[in-house]
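These notes are about the structure you will find just below.
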Amino acid sequence: MAAPGAPVTVTVTYSNEKHSIQVASQQEDVEPTLQDMAVLIEQVTGVPVPFQKLIYKGKSLKELEQPLSALGVKNGCKVMLIGKRNSPEEEAELKKLKDLEKSVEQIANKLEEVNKEFTSIQKGFLAKDLQAEALKQLDKRIKGTAEQFMKILEQIDAILLPLYVSKRLLGSIYF
């Protein structure tokens with residue numbers, strides 16, 4: 001059993017390639033998990049985590065939250081990877097999608113700020129004679145934010161994803 005937080009060195013075989021990786025936990029004082037290893041393998045091989053099938057001692061490793069030691073994986077072990085890299089076109093479209101996700105998060109933060117300001121006005125933290133102007137400003141900001149959301153929706157609509165990626169994304173969202 002590895003000491004909590006101690007990295008584990010593993011050799012990953014993918015196609016004709018061999019990669020020696022050092023898997024460390026993303027959290028302090030915690031053993032590295034299969035998720036930690038899968039993310040690192042994605043960085044090294046380009047095979048996205050959902051498309052990875054990791055095999056160790058003839059068994060498929062599936063429980064991403066499990067510590068590597070619980071799965072029997074320790075220093076010097078060899079793990080085989082079966083999976084498919086995304087094409088450059090798919091990578092470009094997925095990058096667009098990730099960028100849009102960041103934009104949505106930023107807009108959501110702006111809406112939270114507007115909501116806080118509106119709540120403070122509702123609670124009477126602003127003088128009555130200033131409330132009308134403050135509400136007009138909030139209205140403008142909300143309309144601008146709604147416009148930004150509409151632009152993002154148009155950009156999302158324009159993204160072309162292969163059918164299997166679309167199904168995977170929709171499956172994780174709706175099912």
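The values are calculated or read from the model by the stated rules, or taken from the named source; none is laboratory data. The structure displayed is predicted, hence computed values, not measured ones. Quick reminder, even Gly has a Cβ in these numbers, built from the backbone with ideal geometry, and neighbours come from all protein chains shown. Quick note on the areas: whole protein, heavy atoms, side chains included, nothing else; ligands and nucleic acids left out. Shrake-Rupley method; radii C 1.70, N 1.55, O 1.52, S 1.80 Å.
Out of the residues in the stretch 1-13 meeting the condition of being modelled with pLDDT of 95 or more and surrounded by 14 or more Cβ atoms within 10 Å (Cβ to Cβ), tell me which one is nearest to residue 73 (Cα to Cα). Only one residue tops the list, namely 10. Taking each residue of the stretch 61-86 that is farther than 14 Å from residue 13 by Cα and looking for partners that are open to solvent by 90 Å² or more (accessible area, probe 1.4 Å) with beta-carbon atoms closer than 7 Å, six or more apart or interchain, yields 69/1; 72/57. Looking across the stretch 90-114 at every residue that is acidic (Asp, Glu) and without any contact (Cβ under 8 Å) to a residue 24 or more places away in the chain, the one that is farthest from residue 51 (Cα to Cα) is identified as 113.
Contact map, the stretch 145-157: residues that are touching a residue at least 24 places away in the same chain (Cβ under 8 Å) paired with residues that are of a type in the set (A, V, I, L, M) and surrounded by 10 or more Cβ atoms within 10 Å (Cβ to Cβ), Cβ distance under 7 Å, separation 6+ or inter-chain. Pairs shown: 145/107; 145/111; 148/107; 149/107; 152/100; 152/104; 155/100; 156/100. The set of residues in the stretch 28-47 that are open to solvent by 50 Å² or more (accessible area, probe 1.4 Å) and in a loop (DSSP other than H, G, I, E, B) comprises 28, 29, 30.
Checked against the criterion of being open to solvent by less than 100 Å² (accessible area, probe 1.4 Å) and either of a type in the set (Phe, Trp, Tyr) or under 21 Å from residue 24 (Cα atoms) (or both), the candidates 138, 126, 61 yield just one match: 61. Here's a check for you: in the stretch 64-82, which residue that is more than 19 Å from residue 25 (Cα to Cα) and open to solvent by 30 Å² or more (accessible area, probe 1.4 Å) is farthest from the chain's Cα centre (by Cα)? Only one residue fits best here, namely 80. Condition test on residue 54, is it open to solvent by less than 40 Å² (accessible area, probe 1.4 Å), touching a residue at least 12 places away in the same chain (Cβ under 8 Å), in contact with a Gly (Cβ under 9 Å, 6 or more places away or on another chain) and part of a strand (DSSP E or B)? It is true that residue 54 is open to solvent by less than 40 Å² (accessible area, probe 1.4 Å), touching a residue at least 12 places away in the same chain (Cβ under 8 Å), in contact with a Gly (Cβ under 9 Å, 6 or more places away or on another chain) and part of a strand (DSSP E or B).
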